[in-house]
Amino acid sequence: MKKVLSLVLALALVLGCMSIAGAEAPKTKLVVWSFTNELQGMIEKYYAPNHPEIEFEFQIYPTDGSAYETKVDNTLGVPDAAVSEEAPDIFTLEAAFVKHYVESDFTGNLKDIGFTDDELAVAFPVMAQIGQNSNGIQKGLSWQSTPGVLMYRASLAEKYLGVKSPEEMQEKVKDWDTFLETAEELKTASEGACKMVCGSGDIWNAYQYQRSQGWVVDGKLNIDDELLDFEELCKTLEQDDLTQKAGAWGETWFAGMRGEIETLAYFLPTWGLHYTLKPNCVAGWDAENPDSEENIKNATENGTYGDWRLTDGPVAYSWGGTWMGINAAKAAAADDVKKAAMHDLIKFFTLDDDFLTQYAADSGDFVGSAKAVETILANGGTPNPFLGGQDHYAIFAKAAALANGSLMSEYDSTINDLWDKFVTTPYTKGEVTNVDDAIAEFKNQVKSVITTIEVD
């Protein structure tokens, strides 16, 4: 009887062990929200296959009509909703509203999920600064860096300015005074046929980085002296007929890219090269087969493919970007396993040297880790046939290292629009002859729209 009982117990023990061994380990669930499917595609391609222990749930909400921001606010702004299963653990932030969220309590300190100073140190300062709140707490990291440069047509520069290299072109645009002199020289040499830029508004995204301080300093509206010089530059460009007198994203803007009219240069960031300039270099660009021999031949023979070059321009600047942030409420409630999963995912996409090097090779994007960029340049860089073989990584790397992200504030989008509407547009068009009068009206508008800052 004892032998039978022992046999039964042994069998039960074996079956129990087999049951435990055969049971699937519980997965850690991460809910990821974004406004495009870009991050989802990256996770599914590069991360999820090697992390079966993670269950991902993706939600995409468009930015149209502020739908994404409204969804984030309505979820993270309600305590019970913020920690619900449907709420994001990780969510993306774009340049237009990243500062708003990193300054809020909705986003958590990345150190709370395990990030260290040594890890954070490899990010480009400009992107790290934008992802920090006013107290220097790191709340967002980006897999991209979006430095901007001057992109110009080599054939026009040689024809009208005698310029034969990016180095020679840089001497023609090394500062804003020289930039204006070159615009005048171009007008004379081309008899007005070729314009320096499409419109004076084209230079804003670069010029704003000329400032020493941003729009808000110690809770007060700040108008940097550089902005007065900006207005005079814009006025001269417009009134001396040095531009196409057209705005960005319109038909005239794109016509210059295709070579249908002669526009020498564009101020654009990394994404502007790949997703704006290149696909608009010819009518009939084949977006489905961009690298096909037939498409490249058409773009070269009938467009401007291969005629573009990059140079630093008057100032290092940044334009755009996407940051990954964490839901502060869910991070605080998470156990160590989930915190580690959140940390590993964000670190992989924003700081991992091996991944970012591979991603750069696959996509051509300029990545957010200075260490990864050093690796890419050491391995031969990124010779680009669209740029006549020029290495776009080498040029962007200089701007990324110099641009000052601390200039950005959560109010930038609103204040920029008001400055353009009430100062730049009326002053450059001659509708207001005294810039001080325009600035006075601008201050009144800021005071009425933004009640949380002081306006003198």
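Which condition from (1) assigned by TED's automatic domain parsing to the domain that holds Leu345; (2) at pLDDT below 95; (3) farther than 19 Å from Asp105 by Cα is the one that Ile20 breaks?
Every listed condition holds for Ile20 apart from (1).
Please list, ordered by first then second residue, the pairs with beta carbon atoms under 7 Å, 6 or more apart or interchain, first in segment 355-369 and under 18 Å from Asp344 (Cβ atoms), second of a type in the set (D, E, K, R) and assigned to a helix (DSSP H, G or I).
Ser369/Asp353
Which one of Lys330, Lys339 is closer than 19 Å to Glu119 by Cα, outside the structural domain of Val163 (by TED's automatic domain parsing) and either among the charged types (D, E, K, R) or at pLDDT below 95 (or both)?
Lys339
Cβ-Cβ under 6 Å, sequence separation 6+ or interchain: first residue in segment 56-74 and touching a residue at least 24 places away in the same chain (Cβ under 8 Å), partner assigned to a helix (DSSP H, G or I) and hydrophobic (A, V, I, L, M, F, W, C). Which pairs?
What qualifies is Tyr61/Ala67.
Out of all the residues in segment 282-314, which are of a type in the set (A, V, I, L, M, F, W, C) and either outside the structural domain of Ser165 (by TED's automatic domain parsing) or under 20 Å from Thr382 (Cα atoms) (or both)?
Those that are of a type in the set (A, V, I, L, M, F, W, C) and either outside the structural domain of Ser165 (by TED's automatic domain parsing) or under 20 Å from Thr382 (Cα atoms) (or both): Ile296, Trp308, Leu310.
Which is touching a Lys or Arg at 6+ places or on another chain (Cβ under 7 Å) and under 22 Å from Thr92 (Cβ atoms), of Gly303, Gly320, Gly325?
Result of the check over Gly303, Gly320, Gly325: Gly325.
Can you tell me which residue within segment 245-296, out of those that are among the aliphatic types (A, V, I, L, M), under 21 Å from Ser200 (Cα atoms) and touching a helix residue (DSSP H, G or I) at 6+ places or on another chain (Cβ under 8 Å), is surrounded by the most Cβ atoms within 10 Å (Cβ to Cβ)?
Taking the candidates together, the pick is Leu264.
So which residues in segment 80-111 are in contact with a strand residue (DSSP E or B) (Cβ under 8 Å, 6 or more places away or on another chain), in a helix (DSSP H, G or I) and in contact (Cβ under 8 Å) with a residue 40 or more places away in the chain?
Ala82, Val98, Tyr101, Val102, Leu110
Would you confirm whether any residue within segment 198-217 is assigned to a loop (DSSP other than H, G, I, E, B), among the hydroxyl-bearing types (Ser, Thr, Tyr) and in contact (Cβ under 8 Å) with a residue 12 or more places away in the chain?
Yes, segment 198-217 contains at least one residue that is assigned to a loop (DSSP other than H, G, I, E, B), among the hydroxyl-bearing types (Ser, Thr, Tyr) and in contact (Cβ under 8 Å) with a residue 12 or more places away in the chain.
Taking the stated definitions as given, is Asp241 modelled with pLDDT of 95 or more, touching a Lys or Arg at 6+ places or on another chain (Cβ under 6 Å) and either part of a loop (DSSP other than H, G, I, E, B) or not assigned by TED's automatic domain parsing to the domain that holds Asp436 (or both)?
No; evaluated as a whole, the condition is false for this residue.
Looking only at segment 55-79, count every residue that is closer than 13 Å to Ala329 by Cβ and in a loop (DSSP other than H, G, I, E, B) and tell me the total.
2
The values are calculated or read from the model by the stated rules, or taken from the named source; none is laboratory data. Given the structure is predicted, the values throughout are model-derived calculations rather than measurements. No Cβ is skipped: glycine too gets one built from the backbone with ideal geometry, and neighbour counts run over all protein chains shown.
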